[in-house]
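The values are calculated or read from the model by the stated rules, or taken from the named source; none is laboratory data. These numbers were taken from a predicted model, which means no experiment stands behind them. We place every Cβ from the backbone using ideal geometry, glycine too, and count neighbours over all the protein chains shown. To get the accessible areas, we keep the full protein, side chains included, count just its heavy atoms, and leave off ligands, DNA and RNA. Shrake-Rupley method; radii C 1.70, N 1.55, O 1.52, S 1.80 Å.
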Amino acid sequence: MSASLVTRRTLAGLLAAGALIGAAAVPAAADDHRRDQRGPHSSIVIGDVENAARGRDNRALNSEWVEVKNTGRHSVELRGFTLTDKQGNRYRFNNLRLQGRSSVKVHTGQGRDTHRDVYQDRRHQIWDERDTATLRDNRGNVIDTESWGRRGHHHGH
């Protein structure tokens, strides 16, 4: 009789310890999640899109662009962020610190990158009349999308 009581007590102790460990893990995970949502990446969004490039020369290609905006007050390092179209064409940002409340235009053609304009160095138009631009952070998380086409612009996070 006493042996089973000892076993029961030990089991209860183990269960209580397990519950404590489980409870300790939950707030940490919830806290991380909350921090992600409030993090610097949430201030980065796709702004205007200009996809009406006519002609194949570099000037026409550079009149086609997607704007990436920082709506927050703090600057964000865009290194490793990517912008892709529906076909999977991808542009990866190099070292570019986007200041708070400012934007950068990602042009399709060739040019010299500045903090206001960057260039994909492509020889062909990539943004179609109906397309979707997807912006991902440096870990591959989708942070914004912008679709356009027959039914006009559609903006989603």
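So here's what we get for this one:
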| quantity | calculated |
| --- | --- |
| Only listed residue being out of contact with any Pro (no Cβ under 8 Å at 6 or more places or on another chain), assigned to a loop (DSSP other than H, G, I, E, B), among the small types (Gly, Ala, Ser) and touching a residue at least 24 places away in the same chain (Cβ under 8 Å), chosen from Gly100, Gly88, Gly72 | Gly100 |
| The range 141-155: number of residues that are open to solvent by less than 40 Å² (accessible area, probe 1.4 Å) and modelled with pLDDT of 65 or more | 7 |
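Per-residue answers, yes or no, for (1) of a type outside the set (S, T, N, Q); (2) at pLDDT below 95; (3) touching a Lys or Arg at 6+ places or on another chain (Cβ under 6 Å); (4) open to solvent by less than 60 Å² (accessible area, probe 1.4 Å):
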{"residue": "Gln37", "(1), (2), (3), (4)": "no, yes, no, no"}
{"residue": "Val45", "(1), (2), (3), (4)": "yes, no, yes, yes"}
{"residue": "Ala53", "(1), (2), (3), (4)": "yes, yes, no, yes"}
{"residue": "Asn62", "(1), (2), (3), (4)": "no, no, no, yes"}
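Yes/no matrix, rows are residues, columns are (1) closer than 14 Å to Trp65 by Cα; (2) modelled with pLDDT of 95 or more:
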| position | (1), (2) |
| --- | --- |
| Arg90 | yes, yes |
| Gln99 | no, yes |
| Asp117 | yes, yes |
| Ile126 | yes, no |
| Asp131 | yes, yes |
